[in-house]
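The values are calculated or read from the model by the stated rules, or taken from the named source; none is laboratory data. Since the structure is predicted, the reported quantities are computational estimates derived from the model, not experimental observations. With ideal geometry, Cβ positions are generated from the backbone for all residues, glycine too; neighbour counts draw on all protein chains shown. Each accessible area value is taken on the protein alone, full model and side chains, heavy atoms only, with ligands, DNA and RNA left out. Shrake-Rupley method; radii C 1.70, N 1.55, O 1.52, S 1.80 Å.
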Amino acid sequence: MSWNRDSLIEAARQAATKAYAPYSRFHVGAALGFADGSVVTGANVENASYGMALCAETVAVGKALSEEWRGKLEGVAVIGGKAGAVGAGDPVTPCGRCRQMLNELAALGDSDPTVWCVGEDEVLELALSALLPRAFGPDSLT
Ligand code: THU
């Protein structure tokens, strides 16, 4: 199975339907595309203790790493919005913590994935290295 920009965005959109976001009612889906053609998705997971919320990208990275995906991360799609209007507003860009989480996964496969941030009128296409320049990663510890 393989993926392209549009199928990755569609996978993220599908993932957003699984969001558990009863507090913010802001549903986000993320899809990670790997060089071997595989795709891992995630949705945001909130908690009654609000600050414990997990973003969609972080959930996806956690799924990928815990299921032993170690391939080259080549693409990331992120989409979000108010319940019932996912993808209807401005592009959703990964928060700072998620950029760091994505960087770890990218570093394992020595890649600089393209991140597509999907909005109603535009899809931002950004290298992860542009979103998180001079990142601290596994190599920083050696
Ligand atoms: N959220 C994500 O899942 N990803 C992002 O990139 C930005 C924010 C989630 C966290 C929280 O559940 C909700 O969106 C509102 O901040």
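Only residues that are within 12 Å of the ligand (Cβ to nearest atom) and open to solvent by 40 Å² or more (accessible area, probe 1.4 Å): list them for the range 73-85, please.
First pass over the range 73-85, keeping only residues within 12 Å of the ligand (Cβ to nearest atom): 76-83.
K82, A83 - these are the residues of the range 73-85 that are within 12 Å of the ligand (Cβ to nearest atom) and open to solvent by 40 Å² or more (accessible area, probe 1.4 Å).
I'd like to know if the range 13-26 contains one or more residues that are in contact with a Lys or Arg (Cβ under 8 Å, 6 or more places away or on another chain), surrounded by fewer than 19 Cβ atoms within 10 Å (Cβ to Cβ) and in contact (Cβ under 8 Å) with a residue 40 or more places away in the chain.
Going through the range 13-26, the residues in contact with a Lys or Arg (Cβ under 8 Å, 6 or more places away or on another chain) turn out to be 25-26.
Then drop every residue that is not surrounded by fewer than 19 Cβ atoms within 10 Å (Cβ to Cβ), which leaves 25.
Subsequent filtering for residues that are in contact (Cβ under 8 Å) with a residue 40 or more places away in the chain retains 25.
Looking for residues that are in contact with a Lys or Arg (Cβ under 8 Å, 6 or more places away or on another chain), surrounded by fewer than 19 Cβ atoms within 10 Å (Cβ to Cβ) and in contact (Cβ under 8 Å) with a residue 40 or more places away in the chain, one finds at least one in the range 13-26, hence yes.
What's the total number of residues in the range 89-108 that are in contact (Cβ under 8 Å) with a residue 60 or more places away in the chain and open to solvent by 10 Å² or more (accessible area, probe 1.4 Å)?
Of the residues in that region, 1 qualify.
Restricting to the range 34-51, name every residue that is free of Cβ contacts under 8 Å to residues at least 60 places away in the same chain and open to solvent by less than 70 Å² (accessible area, probe 1.4 Å).
Result: G37, S38, V39, V40, T41, G42, A43, N44, V45, E46, N47, S49.
Does at least one position in the range 22-41 carry a residue that is more than 10 Å from the ligand (Cβ to nearest atom), in a helix (DSSP H, G or I), among the aliphatic types (A, V, I, L, M) and touching a Ser or Thr at 6+ places or on another chain (Cβ under 6 Å)?
For the range 22-41, residues more than 10 Å from the ligand (Cβ to nearest atom), in a helix (DSSP H, G or I), among the aliphatic types (A, V, I, L, M) and touching a Ser or Thr at 6+ places or on another chain (Cβ under 6 Å): absent.
Give the residue that is surrounded by the fewest Cβ atoms within 10 Å (Cβ to Cβ), with candidates limited to residues of the range 52-72 that are more than 16 Å from the ligand (Cβ to nearest atom) and at pLDDT 95 or above. Walk me through how you get there before you give the answer.
Just the residues of the range 52-72 that are more than 16 Å from the ligand (Cβ to nearest atom), to begin with: 65-72.
Narrowing further to those that are at pLDDT 95 or above: 65-66, 72.
Working: L65: 15, S66: 8, K72: 16.
Of everything passing the filter in the range 52-72, S66 is surrounded by the fewest Cβ atoms within 10 Å (Cβ to Cβ).
Given (1) under 17 Å from L131 (Cα atoms); (2) within 12 Å of the ligand (Cβ to nearest atom); (3) in a loop (DSSP other than H, G, I, E, B), where does S111 come up short, assuming only one miss?
For S111, the failing item is (2).
Which count do you get for residues in the range 42-88 that are within 19 Å of D112 (Cα to Cα) and in a helix (DSSP H, G or I)?
7
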